[in-house]
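Taken together, the values in this text are just the output of simple stated rules run on the coordinates, not laboratory data. The structure displayed is predicted, hence computed values, not measured ones. So basically every Cβ, Gly included, is an ideal-geometry build from the backbone, and we count neighbours across all protein chains shown.
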Amino acid sequence: MKFIIINGPNLNLLGQREKEIYGNTSFEQYFETLKNEFTDLWLEYYQSNHEGAIIDKIHEVGFDYDGIVLNAGAYTHTSIAIADAISAVRSPVVEVHISNVYSRENFRHKSYLSPVCKGLVIGFGLKGYHLALQSFLNK
Ligand code: DQA
């Protein structure tokens, strides 16, 4: 089975940015852990700071892959275009947020993506990516 994790803007700085919120681990480090935990899966990682590039990637994989794990970062709260891309493809998308966005500023309480995603994993740190992948496997 083929899965991709797509991270949006500023998530390339995990391990360096606001460590009290997002922790000390870079995504590249955590991705190694994930690959060891899901050795049977085809697992890819993509990150972009650009909305259009994220949309292009969703189009590219979204008719072929078994699932997409998406942390769109701040685009979650603004992007109708990413929501439309999720609706346009066949692959189910699980929305992930490292932090509990509902315990933070009001502008983080709105997600344009949640209504078109299969499910959400919010507030469990990097482990949320593991839980999202697992959700595709537990029938
Ligand atoms: C985030 C939450 C967003 O509000 C924020 O803009 C991010 C990261 C999270 O993983 O907690 O960049 O998606």
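How far, in nm, would the chain grow between TRP42 and ASN106 when pulled straight, counting 0.36 nm per residue and subtracting the alpha carbon separation?
19.4 nm
What value, in deg cm²/dmol to 500, does the helix sum -39500 (n - 2.57) over DSSP H runs of n ≥ 4 give at 222 nm once divided by the residues of the chain?
Counting only the DSSP helices, I get -9500 deg cm²/dmol.
Would you work out if region 84-139 is rounded, prolate or oblate? Take a ≥ b ≥ c from the square roots of the eigenvalues of the alpha-carbon gyration tensor; rounded if a/c is under 1.5, else prolate when a/b is larger than b/c, oblate otherwise.
The shape class here is oblate.
Would you order SER111, SER26 from fewest to most other beta-carbon atoms within 10 Å of each residue's own beta-carbon?
Least to most surrounded, the residues fall as SER26, SER111.
Please arrange PHE3, PHE107 by counting, for each residue, the other beta carbons lying within 10 Å of its beta carbon, fewest first.
PHE107, PHE3
Suppose a student asked you for the relative contact order of the chain, using Cα pairs under 8 Å spaced at least 6 residues apart; what percent would you report?
Across the chain, relative contact order equals 26 percent.
Output the relative contact order of region 62-121, whole-number percent, from Cα pairs under 8 angstrom with separation of 6+ residues.
43 percent.
How compact is the chain by the rule of thumb for globular proteins, expressed as Cα Rg over 2.2 N^0.38 Å?
0.96
For region 1-70, which GluC sites (Glu not before Pro) pass both filters: DSSP loop (anything but H, G, I, E, B) and at most 15 other C-beta atoms within 10 Å?
Here the GluC sites (Glu not before Pro) that fit, given the DSSP loop and packing criteria, are GLU18.
Quick one: net charge of VAL89's neighbours, Cβ under 13 Å, K/R +1, D/E -1?
Net charge in that neighbourhood comes out at -2.
Pop the C-beta distance of SER87 and ASN24 into the FRET formula with R0 = 41 Å and round what comes out to the nearest 0.05.
So, using R0 = 41 Å, E works out to roughly 0.70.
Rank these for me by crowding, TYR129, TYR22, TYR75, going from fewest to most other beta carbons within 10 Å.
Lowest count first: TYR22, TYR75, TYR129.
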